[in-house]
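I have placed the structure first, in the form of structure tokens, so that the comments after it can refer back to it.
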Amino acid sequence: MIRLNLTAAPEWLELAPGLRLQVAPLTTALMVSARADAAINALPEDASQEELALVMAKSVARRAVLDWEGVGDAMGTNVQVSPDGIDALLEIWPVFEAFQTQYVARGLLLDQEKNASAPLPSGPSAGATAIARPANPTRAASATAPTARPD
């Protein structure tokens with residue numbers, strides 16, 4: 001079942017102790033905009049999946065992060081949300097992983113919620129229940145089956 005959130009209200013994510021991000025809902029418009037980001041288009045054709053993931057996460061975050069708590073400069077002074085600040089924040093591995101897990105992946109999990117029933121293996125009777133009696137274990141393995149009577 002797909003659960004719709006019709007409020008479209010921002011929410012707070014706690015990515016690390018003392019670090020919270022207020023994010024807009026992960027919508028189709030946000031993802032389409034992020035995919036069209038110039039940084040993604042500037043990636044070379046042979047860019048690795050890891051490079052693409054980082055650039056995409058930064059692109060999504062620059063559009064989604066509305067506010068934050070617990071982010072400061074080198075002197076410990078709180079800083080305001082900015083595109084450069086978001087990029088720098090996502091260069092911190094645990095923060096990147098938490099953002100991917102708590103925000104980006106949550107939208108991708110819809111693909112896994114498609115059906116409550118597990119898929120059946122291939123084949124026309126793969127889901128059928130066996131009804132034949134088990135073979136008689138007392139018969140010798142080398143014994144042959146009797147031949148049919150001629151009519």
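Where a number appears in this text, it was derived from the coordinates with a stated rule and is not lab data. All values derive from a computational prediction rather than experimental measurement. For neighbour counting, all protein chains shown are included, and Cβ atoms are generated from backbone atoms with ideal geometry for every residue, glycine included.
On average over all directions, what projected area in square nanometres does segment 11-113 have, based on the convex hull of its Cα atoms?
Details: hull surface 28.6 nm².
Average of the hull's projected areas for segment 11-113 equals 7.2 nm².
Model label points for GLU45 and GLN80, set 7 angstrom from Cα along the Cα-to-Cβ axis, are 4.3 nm apart. Counted by neighbouring Cβ atoms within 10 Å, the residues ILE86, ILE92 run from fewest to most as ILE92, ILE86. The calculated FRET efficiency for GLN22 paired with GLU97, based on their beta-carbon distance and R0 = 25 Å, is about 0.85.
Near VAL23: Cβ cut-off under 13 Å, other residues only, Lys/Arg at +1 and Asp/Glu at -1. The net charge is 0. Taken about its Cα centre, segment 11-113 carries a charge dipole of about 280 debye when Lys and Arg each add +1 at the Cβ and Asp and Glu each add -1 at the Cβ.
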